[in-house]
Amino acid sequence: MSRTTHAVTALSRPLAVAAVAGLMLAAQSPAQAASVATWDKVAQCESGGVWNINTNNTYYGGLQISLHNWQYYGGTSYAARPDLATKQQQILIAEKILADQGAGAWSCSPGTGLATDHADPYPTAVTRVGVYHPQTQAFYEGNNAGGTVGSAVFGNPGWKPLTGNWDGVGSASVGAYDASTGTFYLSNDNASAAASAKFGNPNWVPISGDWNGDGKDSIGAYDPSTSKFYLTNDNSTLAASFVYGSPGDLPVTGDWNGDNKDEVGVYHPDNQTFYQGDLSGGTYKVSKFGNPGWLPITGDWDANGTSTVGAYDPATSKFYLSNDNLNAATSFVYGSPGDLPITGTW
């Protein structure tokens with residue numbers, strides 16, 4: 001396992017992944033990124049590719065990151081130690097170490113391509129809009145320019161549409177919520193149900209998001225009578241619940257601060273105001289966008305890592321997308337009267 005590193009600066013800062021065995025050239029340019037395949041090679045050398053390894057040697061997880069570095073580079077926002085975090089979360093923190101300290105932070109880096117890869121392991125995908133046709137239970141996945149990139153039929157009459165990357169692989173797929181029973185049905189292939197789960201109570205509002213940053217979306221529910229959110233990370237167990245918003249608000253979700261985790265929010269139809277919240281009932285940002293009668297949507301329309309607001313005018317089937325939570329960056333017609341807006345990384 002790796003036990004060498006190099007000094008980045010004479011100023012006080014945390015040790016790299018392993019203890020210093022010798023000074024490297026301070027002038028060495030740190031690498032900026034590496035693909036998942038390259039990180040897999042590093043992990044194979046460091047830990048045998050075991051991402052949850054803990055041998056009580058003060059280094060943890062697949063990439064053998066020290067607890068000091070895990071804390072310094074923000075890993076505790078995911079888990080207390082690297083071995084308790086997901087593979088993706090460990091790689092995201094390793095990316096920060098790599099950018100700051102260079103490939104020399106891992107003695108296993110030679111031969112892996114860590115110093116020369118420069119590929120983003122988890123490139124941010126553009127959120128695209130689409131529509132759901134309730135009469136036929138048909139999902140139409142759009143391209144943010146009025147065209148269609150895919151379609152699927154899923155669910156039964158009266159069910160509510162849902163989208164998300166349920167398995168953490170590839171792109172978003174469809175789902176549906178049976179409000180009469182409080183049951184979610186999730187598809188990984190836009191055809192068959194890969195999972196079903198009863199969560200919450202009948203007639204709550206279904207939501208989805210990656211609440212813990214593990215790269216997979218999971219379900220949640222919003223009780224409009226109490227303005228209370230209920231979130232799960234495994235589509236079964238309650239992970240968090242809190243009150244946010246006011247009666248009459250509509251729930252929204254998105255990664256408002258670019259931390260690779262989704263948060264919740266609400267939209268107040270009476271004044272067309274979005275309140276972007278956290279996962280404990282606090283507010284990050286407030287913005288006003290759209291006109292009366294429009295429906296709220298959110299997404300990362302420009303793939304910059306943060307979600308912003310948008311709106312759908314059901315009278316004209318027209319979408320309006322904002323990159324700054326203030327001005328419309330683009331607008332286009334997509335869908336037909338009676339359709340409901342959906343979003344996802346198709």
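Here are the numbers for the structure shown:
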quantity	calculated
Number of the exception - W166 against (1) under 23 Å from V309 (Cβ atoms); (2) in a loop (DSSP other than H, G, I, E, B)	(1)
Residue list for the range 93-143, filter: within 30 Å of P161 (Cβ to Cβ) and open to solvent by 30 Å² or more (accessible area, probe 1.4 Å)	Y122, P123, T124, A125, V126, R128, H133, P134, Q135, T136, Y140, N143
L63 being of a type in the set (A, V, I, L, M), closer than 26 Å to D255 by Cβ, open to solvent by 10 Å² or more (accessible area, probe 1.4 Å) and touching a residue at least 40 places away in the same chain (Cβ under 8 Å)	no
Residues satisfying the stated conditions in the range 169-201, i.e. under 20 Å from V264 (Cα atoms) and open to solvent by 20 Å² or more (accessible area, probe 1.4 Å)	G200, N201
Residue that is most open to solvent (accessible area, probe 1.4 Å) [pool: residues in the range 256-311 that are in a strand (DSSP E or B) and aromatic (F, W, Y)]	Y284
Candidate set from the range 144-166 (those that are open to solvent by 50 Å² or more (accessible area, probe 1.4 Å) and at negative phi); member that is farthest from the chain's Cα centre (by Cα)	P157
Every residue from the range 244-289 that is within 14 Å of the chain's Cα centre (by Cα) and among the small types (G, A, S)	G254, G258
Subset of the range 312-343 that is open to solvent by 10 Å² or more (accessible area, probe 1.4 Å), of a type outside the set (A, V, I, L, M) and in a strand (DSSP E or B) - its residue that is farthest from Q135 (Cα to Cα)	T330
Cross-chain or 6+ apart pairs with Cβ under 6 Å, the range 70-96 first and within 19 Å of G168 (Cα to Cα), then polar (S, T, N, Q) and at pLDDT below 95	Y78/Q89
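The values are calculated or read from the model by the stated rules, or taken from the named source; none is laboratory data. In this text the structure is predicted, and so the values were computed from the model without any measurement. All Cβ positions, glycine included, derive from the backbone under ideal geometry; neighbour counts span all protein chains shown. For accessibility, only protein heavy atoms count, side chains too; no ligands or nucleic acids. Shrake-Rupley method; radii C 1.70, N 1.55, O 1.52, S 1.80 Å.
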